[in-house]
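Here the structure is laid out as structure tokens; the discussion comes afterwards.
The values are calculated or read from the model by the stated rules, or taken from the named source; none is laboratory data. In this text the structure is predicted, and so the values were computed from the model without any measurement. Glycine also receives a Cβ, built like all others from the backbone with ideal geometry; neighbour counts cover every protein chain displayed. Each accessible area value is taken on the protein alone, full model and side chains, heavy atoms only, with ligands, DNA and RNA left out. Shrake-Rupley method; radii C 1.70, N 1.55, O 1.52, S 1.80 Å.
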Amino acid sequence: FQGATVGGGAPGDGLLADIGGGSTELVSYQNGAITSGCSLPMGSLSLFAKHVSGLFPTKEERKAIRAHVEGELEKARTAGLRCSHLTGVGGTIRAAAKLCNDLSGADPDNRVIPVGEIKALYKDLKKGDQDTLRQILRSVPDRVHTILPGLAILTAVLRAYEVETVSVSTCGVREGYLLNRVMGVKGSHE
């Protein structure tokens, strides 16, 4: 949390999301202090393995992924919790930012991605046509099979928490460890 929020230019209030291959961690915070957190047993790779038979999920497979994700979010989230800002960590959010920046012509180092661009990206990639495949292979080839399941998680989180702004953290666990253990910087959540 400490490393990711420092590296994400995160405001004092928001939601930290780490969408990994096998799990998704969500941490809400106010005034820089953690208010709640959960680890959900779903990630971009585990959803792909469980629900997708080919390279891209079919319409029916996407529906199954969406139902799975929404079910997990409903079990985990506090009713009515709203976090206007999301700071993202992990491969899915970095890949989404890279694709959005490539498609919009933004600076490749841009770390603030409009929510509308992320939602539009997911909608466009769901087509699964040759142009989609080329764009993924050009921008994020290592994510070709997991980008859609990862975006299904991300867009569901954006909807569930009514997120308005998204930033991509350049830091994470390693940097948090360094801040805490090596440099002695204590977070307000301790």
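Just the residues that are surrounded by 14 or more Cβ atoms within 10 Å (Cβ to Cβ) and not in a strand (DSSP E or B), please, taken from the range 24-36. Selection gives G32 alone. Can you find, within the range 77-101, the residue that is nearest to the chain's Cα centre (by Cα) among those that are small (G, A, S) and open to solvent by 40 Å² or more (accessible area, probe 1.4 Å)? By that ranking, first place goes to S84. May I ask you to verify whether S84 is in contact with a helix residue (DSSP H, G or I) (Cβ under 7 Å, 6 or more places away or on another chain) and small (G, A, S)? So S84 fails the test. Tell me, please, whether a residue that is over 12 Å from V168 (Cα atoms), touching a residue at least 40 places away in the same chain (Cβ under 8 Å) and touching a Phe, Trp or Tyr at 6+ places or on another chain (Cβ under 6 Å) can be found in the range 86-101. No, because not a single residue in the range 86-101 is over 12 Å from V168 (Cα atoms), touching a residue at least 40 places away in the same chain (Cβ under 8 Å) and touching a Phe, Trp or Tyr at 6+ places or on another chain (Cβ under 6 Å).
So if I check each of L73, L47, which one is at pLDDT 95 or above, in a helix (DSSP H, G or I), open to solvent by less than 10 Å² (accessible area, probe 1.4 Å) and not small (G, A, S)? L47 is the lone residue from the list that is at pLDDT 95 or above, in a helix (DSSP H, G or I), open to solvent by less than 10 Å² (accessible area, probe 1.4 Å) and not small (G, A, S). In the range 105-157, of all residues being of a type in the set (S, T, N, Q) and not in a helix (DSSP H, G or I), the one that is least open to solvent (accessible area, probe 1.4 Å) corresponds to T146. Restricting to the range 23-33, name every residue that is under 21 Å from R159 (Cα atoms) and over 13 Å from the mean Cα position of the chain (by Cα). Matches in the range 23-33: S28, Y29, Q30. S39 meets the conditions (1) free of Cβ contacts under 8 Å to residues at least 24 places away in the same chain; (2) over 14 Å from the mean Cα position of the chain (by Cα); (3) open to solvent by 60 Å² or more (accessible area, probe 1.4 Å) in every case but one. The failed one is (2).
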